[in-house]
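This report refers to the structure that appears directly beneath it.
The values are calculated or read from the model by the stated rules, or taken from the named source; none is laboratory data. These numbers come from a predicted model, not from an experiment. Virtual Cβ from ideal backbone geometry, glycine too; neighbours counted across all protein chains shown. Remember, those area values only see protein heavy atoms, side chains included, never the ligands or the DNA or RNA. Shrake-Rupley method; radii C 1.70, N 1.55, O 1.52, S 1.80 Å.
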Amino acid sequence: MTANDVVIRRDGAVRERPAPGKPRAQSWLARKMAPRLAALGKLFRTTTFKLTLVYLAVFAVFAGFLLGYFAWNTRRLITEQITETVDADLEGLAEQYRQGGIRRLVFAIDGRVGRPGASLYLLTTSAGEGLAGNVGSLATGVLDQPGWTETVYRRIDEQDTAEHHALVRVDQLPGGFHLLVGRDLEERERLFDIVLSAGRWSLAIVVVLGLAGGLFVTRRVLTRVDAMSQTTRTIMQGDLHERLAVAGTGDELDRLALNLNTMLERIEALMHGLKEVSDNIAHDLKTPLTRLRNRCEEALRAAQTVPEYRAALESTIEESDALIRTFNALLMIARAESGQAVGDMTAFDAAEVMRDVGDLYEPLADEKGIALKVDAAAAAPVRGNRELISQALANLVDNALKYGGSSGQTDGQTPEIVLTALDKGDRILLTVADSGPGIPAPDRVRVLERFVRLEQSRSEPGSGLGLSLAAAVARLHGGELTLEDNHPGLRVVLSLPRAQTAKPE
């Protein structure tokens, strides 16, 4: 140790100075291990790992109980075999004593002592003097207790003083002699220890493999969860195009990812629709608002008399009413798409609603020279919001009156609009068909969007929200709105689920 390696304190104590670079190395090691320790702690806190520990603990307890029962049962079977062997051996020696007396019994015991094995024999007088056998010493009082006893003993031929355990049976013969026959328990205890050792090692292996398997499964699950969390963070930052990864295994995480991806697609579609609506509102409402302002300026600049001011105010009110109708249509579409009207669902006859709408628009059709026909005699039971369905049908009829005029007729016949309500099993079909120019097939999907108006309809008043509202109402009720060719004209079909009606008893 050099002078640079120690620090001498004022009280004379000598303290070793850390080697140069050692704190820096420890700091580097701490920084290196911190992320791994954090990841390991995160792994241990997962539900999957906790469930693995619970299952492992239950299995270990069950396996321990099973191995313990097996060891106990093995020991019991060995003990039964020992008792059967000793009983048979003792009966044989007693028979020798009955046939030939003590001399023949001593001769028989000496012959059996010479055989290899774990059998124990001892023949003593009533005073305890040994006559024959291979037992050198016993625990005090064993020979005085006839029957079965588990005791310690020492063999005659052993030089050491080690004591062994044995299961013996003592029998008292006529003449006061004591006969002991038994079996050394070393083999039984050795086998019992082998079973216990195998059980302990088995439990240890099960625990290690269980923990390793739990860590492996938990790590895989945690990796997928972390990937899903990273994707959700990206989505929360505004990137709605991201989707959760699907492993393709069909497990619960895959099902969760698929459901969340479906939800994200719906959210993205709604956000896209909201953006389009905002853009459309800003674009399509700018013109009427500008026109409204210009009329007010014109009235202020040029109007001189009360009738002129009155005309300017009437046109302003008319333009304002059109804007209010547009906003009301937007609110109704939002109400339908948000599902707020689900609580107002009731069962009613859609054919009756179709007839009411026909009666409402028949004077306007007559004024325009259009024949309005209603074919809704049979009942058409549906369950839904009567107000929204009536509004949707009214929008369809209004569009048919605006655009289903004579431009589609080539033979001079009177243009007509036909309203029908048909019961088709599990569906109710509400149809509005006109004989006008129709809508080209490529545009039939686009016209269902908000504020979409085709070029040929620009000359007619409207906001481009009628078909959007009808489509939203159809989706709210689990139905669909389809546009078909009427040859000539357009046929719009509002398909709704048929309401279940109670059967008469």
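Observations on the model:
- K368 accessible area, 1.4 Å probe, all protein chains in place, Å² to nearest 10: 100
- For L185, the residues 5 or more places off, or on other chains, whose built amide H falls under 5 Å of its own are H165, A166, L167.
- Net +/- balance of residues flanking E91 in space, Cβ distance below 14 Å, scoring K and R +1, D and E -1: -2
- Taken over the alpha carbons of the stretch 168-245 as equal point scatterers, the Debye sum produces base-10 log I(q)/I(0) values at 0.17, 0.24 Å⁻¹ of -0.84, -1.03.
- Net length gained if the chain between R383 and K424 were fully extended (0.36 nm per residue, minus Cα distance): 13.2 nm
- Solvent-accessible surface (1.4 angstrom probe) belonging to V152, in square angstrom, nearest 10: 40
- List W201, W148, W72, ordered by accessible area with a 1.4 Å probe, largest first: W201, W72, W148
- Here L191 and T249 are evaluated by their C-beta separation; at R0 = 45 Å the FRET efficiency comes out at 0.45.
- Rh (Kirkwood; distinct C-alpha pairs) - the stretch 100-174, Å: 13.1
- Using the average count of surrounding beta-carbon atoms within 10 Å as a protection proxy, the listed peptides 435-442, 466-473 rank, highest first, as 466-473, 435-442.
- Ignoring aspartates and glutamates fewer than eight residues from K286 along the same chain, the ones with Cα atoms less than 13 angstrom from its Cα are E319.
- A 1.4 Å probe over all protein chains sorts Y121, Y55 by accessible area into Y55, Y121, starting with the largest.
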